[in-house]
1. Kirkwood hydrodynamic radius for the chain: how many Å is it when counted over pairs of different Cα atoms?
2. Using a 10 Å cut-off on Cβ atoms, rank the peptides 63-76, 22-35 from the highest mean neighbour count down.
3. Apply the Karplus parameterisation 6.51 cos²θ - 1.76 cosθ + 1.60, with θ equal to phi minus 60°, to every residue of the range 29-37 and state each ³J(HN,Hα) to the nearest whole Hz, in sequence, with x for glycine and proline.
4. Using unit Cβ charges (K, R positive; D, E negative) and no other charged atoms, how large, in debye to the nearest 20, is the dipole of the chain about its Cα centre?
5. So what is the relative contact order of the chain, in percent, for Cα pairs below 8 Å that sit 6 or more residues apart?
6. So if R0 is 22 Å, what FRET efficiency would Glu92 and Phe43 give, r being the distance between their Cβ atoms, rounded to the nearest 0.05?
Amino acid sequence: MRICFLLHVRPEKLQEYKQCHTQVWPEMLDALRETGWRNYSLFLRPDGLLVGYLETDDFEKACADMQKYPVNARWQALTSQFFVPMPGAADENMIPLEEVFHLD
């Protein structure tokens, strides 16, 4: 299953957000892989629009499984400062967009 979602990074925090993602903790990367996140990418527009893409067998399960890893809570606490205020943590706001076309 292919998943795409949108979030919004605060424009004044773009550089810090990008820098943070050049050094994602190995423990966080391991947790993502272990919970079924594959081909995970983030794309950032200059105005702060963040587009996330990943492939997984079951997105709801992959998200729920990430909640079991303490490193996820630490990562969410660290990165929450970068996002436009919204209810809940950023990972709780990754609502999949409807796929309407795929070339293959």
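1. Every distinct Cα pair counted, the radius reaches 14.3 Å.
2. With the highest mean Cβ count within 10 Å placed first, the list reads 63-76, 22-35.
3. 4, 4, 4, 4, 5, 5, 9, x, 7
4. Once rounded to the nearest 20, the dipole reads 380 debye.
5. So the answer I get is 41 percent.
6. Once rounded, the FRET efficiency stands at 0.60.
We did not get these values from a lab; they are worked out from the coordinates using the rules stated. Treat the numbers as computed from the prediction; the structure is a model and nothing was measured. Positions of Cβ are backbone-derived with ideal geometry, glycine not excepted, and every protein chain shown enters the neighbour counts.
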